[in-house]
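Have a look at the structure below, then the notes.
Any read-out appearing in this document is the output of simple, stated calculations on the displayed coordinates, not a laboratory observation. Fair warning: this is a prediction, and the values are worked out from it, not measured in the lab. We place every Cβ from the backbone using ideal geometry, glycine too, and count neighbours over all the protein chains shown.
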Amino acid sequence: MSRLTRVLVFPATTLALSASLAGCGGTSTASPQEWTSALCKALTPLAAHGAALQTSLGSQGAEVATNPSGVRDRFATSLGQLAADFEAGRAAAEKAGAPEVKDGAAIQQEVVTGLERTAKVFADAKAKVTAAPPDAKAVSAAVLAASQSITTGFESFGNAFTKLGASTELSKEGDKNPDCKVLNKG
C-alpha cells in the first residue's frame, strides 16, 4: 500500500469511525442505539469509496505518465465523493439529535463540526487537484499537495474525535451495529 493511500484513506476511515462511535445531536434527542445507527448508516459509503480510492491509487502510479488528465480527474472525483460522504455524515449527525448520554449535546456539536471540517478538507483537496494542468509533473505535485493538506487538516482538528469515544453507551452501540462494523473494516 502506498504512502499516499495511507495518508488519505486510513485517517478518513479512522475519523469517520471515531465520529460514528462518539455520538451527536441537534435540538432533539436520540437513544444511543438510534444515534449510532443513523450516523453509521450515513457514513457506510465512506468505506466503499475509501477502498475504491485505495485501489485506484495503486493502479494510477504508472498511468500518470501516459494519462495525467485521466488520473487527475479520477482522483479529483474520488476526493469529491469522500467530501460528500463526510457531509452526509454531518447532516445525519445534525438530524439525529443529541444522543441521550452525558454531554450528548456537546458530543453532537463536536461531531458535526469535525465532519464539516473534514468534508471541507476533502473538497479543498479536490479543488487543488482539479486545478492542476494535465501534465504528469503537475498532477503528481497536486496529488502530493492534496495529501499533505488532508494530513494537516486531520492533525489540526482530528483530536476532537478521540475524546468522543469516552461515552460507554455510544461505544457499546457502535460495537453492536452492523453499519459501524463496516466502517471499522474500512
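Assorted remarks:
- For residue 29, the residues 5 or more places off, or on other chains, whose built amide H falls under 5 Å of its own are 98.
- Projected label distance in nm at residue 106 and residue 69, using a 7 Å step from Cα toward the beta-carbon: 5.3
- Paramagnetic reach from residue 56 in the stretch 64-101 [backbone N under 15 Å; point 7 Å along Cα→Cβ]: 64, 68-86
- Between amide H atoms placed 1.01 Å from N, distances below 5 Å from residue 135 occur with no residue 5 or more places distant or on a separate chain.
- Ordering of 45-55, 77-87, 133-143 by burial proxy (mean other Cβ atoms within 10 Å per residue, highest first): 77-87, 45-55, 133-143
- Ignoring aspartates and glutamates fewer than eight residues from residue 176 along the same chain, the ones with Cα atoms less than 18 angstrom from its Cα are 34, 100.
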